[in-house]
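Below: the structure, in structure tokens.
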Amino acid sequence: MTPALARTYLAWLVAIVATAGSLYFSEVRLFVPCPLCWWQRVFMYPLVALLAVAVFSRDERVWRYSLPLSVVGLFTAWYHYLIQRVPELAPPAVCRGGVPCTVQYIDWLGFVTIPFLAGVAFALITLLLGWNALAAVRSARRRAG
């Protein structure tokens with residue numbers, strides 16, 4: 001297994017754990033997801049399938065189509081965490097229907113909330129896939145020059 005494929009495999013495991021955690025909170029603990037939680041799911045859930053296909057087909061270029069999902073998911077999670085911590089920053093139109101995005105179902109150690117967990121998962125995936133992208137660019141430059 002190449003280092004890039006190993007990093008892709010680790011990113012896939014992170015995506016699986018994050019997706020399982022998301023489903024646990026909503027289906028077992030019965031926490032109703034807010035609109036920003038749903039957007040984070042939109043960016044995380046496809047990563048499980050995309051990274052699985054990449055691992056099993058040994059596609060080391062999966063970063064090209066998975067990295068954008070993880071980066072946008074990361075910024076969504078960061079924004080969600082920010083408005084949980086400083087609710088005054090939340091525009092009223094973002095989270096009107098259902099559960100407000102400022103609701104904190106969990107607050108472990110005084111700072112760990114569900115968007116924080118999602119942000120950590122997206123950050124790890126972004127780091128791993130970004131490392132693959134950087135390695136691919138360096139490799140292409142060495143071959144070209």
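Since every read-out is calculated from the coordinates, none of them should be taken as a lab result. Source: prediction; values computed, not measured. Methodologically, a virtual Cβ is constructed for each residue, glycine included, from the backbone with ideal geometry; neighbour enumeration extends over all protein chains shown.
With VAL62, VAL112 as the choices, which residue is surrounded by fewer than 17 Cβ atoms within 10 Å (Cβ to Cβ) and not polar (S, T, N, Q)? Give the derivation first.
Values: VAL62 fails: surrounded by fewer than 17 Cβ atoms within 10 Å (Cβ to Cβ).
Only one candidate passes the filter, namely VAL112.
Yes or no: VAL137 of a type in the set (Val, Ile, Thr) and within 19 Å of the chain's Cα centre (by Cα)?
no
With the requirement that a residue be among the aromatic types (Phe, Trp, Tyr) and in contact with a Leu (Cβ under 6 Å, 6 or more places away or on another chain), what does the range 1-39 give you?
Taking the range 1-39 and keeping what is among the aromatic types (Phe, Trp, Tyr), we get 9, 12, 24-25, 31, 38-39.
Hit for the range 1-39 is TRP12, nothing else.
Could you give every pair whose Cβ atoms fall below 8 Å, whose first residue belongs to the range 1-21 and is among the aromatic types (Phe, Trp, Tyr), and whose second residue is surrounded by fewer than 20 Cβ atoms within 10 Å (Cβ to Cβ) and assigned to a helix (DSSP H, G or I), counting only separations of at least 6 or pairs across chains?
These pairs meet every condition: TYR9/VAL55; TRP12/VAL48; TRP12/ALA52; TRP12/VAL55.
Based on what the data block shows, is VAL99 closer than 30 Å to MET1 by Cβ and surrounded by fewer than 18 Cβ atoms within 10 Å (Cβ to Cβ)?
Numbers: closer than 30 Å to MET1 by Cβ: no; surrounded by fewer than 18 Cβ atoms within 10 Å (Cβ to Cβ): yes.
Considered against the rule, which asks whether it is closer than 30 Å to MET1 by Cβ and surrounded by fewer than 18 Cβ atoms within 10 Å (Cβ to Cβ), VAL99 comes out as no.
Condition check ((1) touching a Ser or Thr at 6+ places or on another chain (Cβ under 6 Å); (2) more than 18 Å from LEU128 (Cβ to Cβ); (3) surrounded by 19 or more Cβ atoms within 10 Å (Cβ to Cβ); (4) of a type outside the set (D, E, K, R)) across all residues:
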| site | (1), (2), (3), (4) |
| --- | --- |
| VAL14 | no, no, yes, yes |
| THR19 | no, no, no, yes |
| LEU23 | no, yes, no, yes |
| VAL71 | yes, no, no, yes |
| ARG85 | no, yes, no, no |
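In the range 123-145, which residue that is under 19 Å from LEU13 (Cα atoms) and aliphatic (A, V, I, L, M) is surrounded by the most Cβ atoms within 10 Å (Cβ to Cβ)?
Going residue by residue through the range 123-145, those that are under 19 Å from LEU13 (Cα atoms) are 123-133.
Subsequent filtering for residues that are aliphatic (A, V, I, L, M) retains 123-125, 127-129, 133.
Details: ALA123: 17, LEU124: 19, ILE125: 30, LEU127: 16, LEU128: 25, LEU129: 28, ALA133: 17.
Filtering first and then ranking leaves ILE125.
For the list (1) touching a residue at least 24 places away in the same chain (Cβ under 8 Å); (2) crowded, with 18+ Cβ neighbours inside 10 Å; (3) more than 15 Å from the chain's Cα centre (by Cα), I need the number of the one condition that ALA90 fails.
All conditions are met except number (1).
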